[in-house]
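Student: Let me give you the structure first, and then I'll get to my questions.
Values quoted throughout were computed directly from the atomic coordinates according to the rules given, and no laboratory measurement underlies them. Source: prediction; values computed, not measured. Here Cβ is always computed from backbone atoms with ideal geometry, including for glycine, and neighbour counts include all displayed protein chains.
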Amino acid sequence: MKKIYGIGTGPGDKELLTLKAVRMINEASVIFAPNNKGKNIALDTVADHIANKKVIMIDFPMGRVAAEDYVKAAEIIHEETPENGVGVFLTIGDPMVYSTFIYTMEQLEKFNVTVEVIPGIPSFVAAAASAKLPLTIKGDNFLLCDDFQEDLLDSVESICILKTFKDKERIIDSLEKKNFDYQYVKHCTWDDEEILTDKETILRDKNYISLILGRKR
């Protein structure tokens, strides 16, 4: 029987790969990764462990992914994984957090394959470590979101907002209004990682690989 692993590669630092992720990549027959104009951060993170393995990039149209794209991805993975072989699908962060693998996995489970998930370090956890900002302490409510609404802040003490590159001003205005301190983290764990706290500097930044951490004063 074919076996497919969804593998989280973490936020980008090669040293934050788990030992299990490395082992399964080494054992894999074929490696799959989402195609982003011929590039993939997860693939770059595990480059030292791929050797001469077959790598297949799967298209997921940015911002336009439809149900049939996940069906097609699952079909490709099933067809390209050898019988009794191992395929791995790479994703940045963790496969169970805002990942294309979640929806691909649902389609894969319709085939006669075994699917397993190997967790990775999510970007918001790594960012909190870099910023030395506790995500939660005893009694806290913490929220992770990628579709921010101001009223979400009324029921939490700590928040992480992903995909902030288009909506930073509204988010920061809401955080300030609701008495939250905030830090903007871009390229978390990369060599050029930056943690910004000045509002105007944050608003000028146009980086896609970024998030905002907020904590109520």
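Student: If you check residue 50 against the conditions, is it surrounded by 19 or more Cβ atoms within 10 Å (Cβ to Cβ) and of a type in the set (Val, Ile, Thr)?
Tutor: Spelling it out, it is not the case that residue 50 is surrounded by 19 or more Cβ atoms within 10 Å (Cβ to Cβ) and of a type in the set (Val, Ile, Thr).
Student: Residues that are within 25 Å of residue 124 (Cβ to Cβ), among the hydroxyl-bearing types (Ser, Thr, Tyr) and touching a Ser or Thr at 6+ places or on another chain (Cβ under 6 Å): find the helices (runs of 4 or more DSSP H) completely inside region 1-90 holding 1 or more of those. Lay out the reasoning, then the answer.
Tutor: On the way: elements: 19-27, 41-45, 67-80.
In region 1-90, the matching helices (runs of 4 or more DSSP H) lie at 41-45, 67-80.
Student: Right, here's the next one. What are the residues in region 145-172 that are surrounded by 16 or more Cβ atoms within 10 Å (Cβ to Cβ) and hydrophobic (A, V, I, L, M, F, W, C), if any?
Tutor: The answer is 148, 153, 156, 159, 160, 161, 162, 171, 172.
Student: Also: Of the conditions (1) over 30 Å from residue 5 (Cα atoms); (2) in contact with a helix residue (DSSP H, G or I) (Cβ under 9 Å, 6 or more places away or on another chain), residue 104 clears all except one; give me its number.
Tutor: (1)
Student: What is the residue count in region 43-98 for residues that are among the small types (Gly, Ala, Ser) and out of contact with any helix residue (DSSP H, G or I) (no Cβ under 9 Å at 6 or more places or on another chain)? Lay out the reasoning, then the answer.
Tutor: Here is the first cut: in region 43-98, the residues among the small types (Gly, Ala, Ser) are 47, 51, 63, 66-67, 73-74, 85, 87, 93.
Adding the requirement that they be out of contact with any helix residue (DSSP H, G or I) (no Cβ under 9 Å at 6 or more places or on another chain) leaves 63, 66, 85.
Summing the residues that are among the small types (Gly, Ala, Ser) and out of contact with any helix residue (DSSP H, G or I) (no Cβ under 9 Å at 6 or more places or on another chain) in region 43-98 gives 3.
Student: Follow-up question, since we're still on this one. For region 84-110, name all the residues that are in contact (Cβ under 8 Å) with a residue 12 or more places away in the chain and surrounded by fewer than 16 Cβ atoms within 10 Å (Cβ to Cβ).
Tutor: Within region 84-110, the first condition is being in contact (Cβ under 8 Å) with a residue 12 or more places away in the chain, and the residues that meet it are 84-101, 103-108, 110.
Selection gives 84, 85, 106, 110.
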